[in-house]
Every structure is written in structure tokens, then in C-alpha cells.
Amino acid sequence: MKIEQTLKYIISKSETPRFINDLHNLDAEMVMDSKLMIRTLFKYKNQNKGKWVRIRMGDVTPYNEEICVITFKKFIRTFYGNRESVISIRVEDYDSAIELLQEIGLDRKSIQENKRSKYICEYNNDKYVICIDEWPGLDDIRFIIVQSISTIEHESLIDFAEALNLTRDKLNRKGIDAVYKSKLGFAISDMPEL
């Protein structure tokens with residue numbers, strides 16, 4: 001399993017233009033503009049917290065290729081938030097992938113849609129992916145994901161995030177479910193469709 005070098009932040013909607021300007025100042029290239037992504041989450045019959053399987057379509061690679069991916073994720077808690085141990089497999093067909101996971105005994109838990117913009121940036125000879133996610137019902141905030149494409153030290157990832165004026169007080173240490181629960185009273189993963 002691969003440990004993703006990822007930091008996740010929350011900024012206000014009003015801060016988004018400044019953030020995008022910071023991306024442009026670092027010569028980031030937009031590869032996806034507010035595109036709809038659909039994901040289906042699956043749970044194990046014994047519902048092992050901190051582990052799940054997801055199928056997502058609508059995303060693009062750093063090379064602007066559309067992809068559909070099955071991903072197994074396992075949380076690892078750190079000071080900087082949840083780090084994720086990940087196994088991903090590209091698939092050709094979203095619906096067939098859903099059918100396959102149901103046939104092997106996984107239970108479909110939730111179908112979720114959100115919009116994502118994605119940028120690629122090189123900084124100090126390392127490459128990064130930056131995502132700006134918009135989620136239904138959370139119109140006043142944006143979720144920022146900063147991920148290393150290169151294999152780098154965690155401190156380099158933090159340095160890059162700081163170059164984008166993403167400060168530690170904006171780190172999202174709890175995840176999307178906790179934000180939904182605190183703002184709307186329910187976890188997104190508990191909703192059959194959103």
C-alpha cells in the first residue's frame with residue numbers, strides 16, 4: 001500500500017479567488033475546471049471504521065486523461081490530519097465496477113457528487129496536484145487538497161502549502177464527514193445519496 005503525501009485544508013468561498021491567484025503566481029496549470037465527480041462508497045459487512053472502498057468517475061489525471069478508479073483507503077491519524085494508505089486500480093466502466101464490488105459482497109453505502117477544479121504545479125523541483133472541491137450544502141467553504149506527485153518529505157509538502165498561503169489553522173484534520181456533521185448535523189457517508 002502507498003501512503004499518500006496529502007494535506008487537506010478548508011477555506012472560505014470568499015478566500016477562493018485569492019487562493020487561485022496564489023496558484024497562478026506559482027505558474028500552476030489548470031487541468032480540470034469545476035467538473036462533476038460521482039463516487040460510490042462501499043462498506044464491509046462488519047463495518048470496519050477507518051477503511052473503505054470507493055469508485056469515482058469524473059476525475060482526470062495530471063495529464064488531463066479522464067479516469068474511473070476503484071480505491072481502497074485506510075486512515076492513519078497524524079498531527080497534520082488523516083493520512084491515507086491507498087491502493088488504486090483504474091477501471092473502464094463505473095457501473096460494471098459497482099456491480100463487481102456488490103457481487104464480491106461489499107455493501108453500497110453512499111453515492112456522492114461534488115465539483116472539483118484541479119491544478120498541477122511544479123515548486124522547488126517537485127510536482128504537486130491541488131484540488132478545490134465544492135460539496136453540496138457547504139456553499140460557504142471550499143475543500144483544498146494538496147498532494148505530492150513526486151516522492152518527497154512531508155516538510156516539502158508543508159512548504160509548498162505555505163507558499164500558497166495555506167496555514168496550519170486551516171488544516172482539515174477530521175475529514176469531510178466531521179465537517180458535514182458539525183455544519184449540517186449528519187455525516188455525508190451516512191446519506192444514501194448526496
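The values are calculated or read from the model by the stated rules, or taken from the named source; none is laboratory data. The structure displayed is predicted, hence computed values, not measured ones. Areas reflect the complete protein model, heavy atoms only, side chains present, ligands, DNA and RNA absent. Shrake-Rupley method; radii C 1.70, N 1.55, O 1.52, S 1.80 Å.
Numbers at a glance
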read-out: Kirkwood Rh in Å, taken over all unlike Cα pairs in segment 140-181; value: 11.7
read-out: Apportionment of accessible area to carbon and sulfur, the chain, percent (1.4 Å); value: 48
read-out: Per residue solvent-accessible surface (Å²) - the chain, probe of 1.4 Å; value: 53
read-out: Rg/Rg_globular for segment 92-194, with Rg_globular taken as 2.2 N^0.38 Å and Rg from C-alpha atoms; value: 1.32
read-out: Members of 127/183; 43/127; 8/35; 127/181; 13/49 lying beyond 29 Å, as alpha-carbon distances in this model show; value: 127/183; 43/127; 127/181; 13/49
read-out: Difference of contour (0.36 nm per residue) and Cα-Cα distance, residue 21 to residue 190; value: 57.3 nm
read-out: Distance histogram for the chain (every C-alpha pair counted, 5 angstrom bins, percent rounded to whole numbers); value: 1, 7, 15, 20, 22, 18, 11, 5, 2, 0
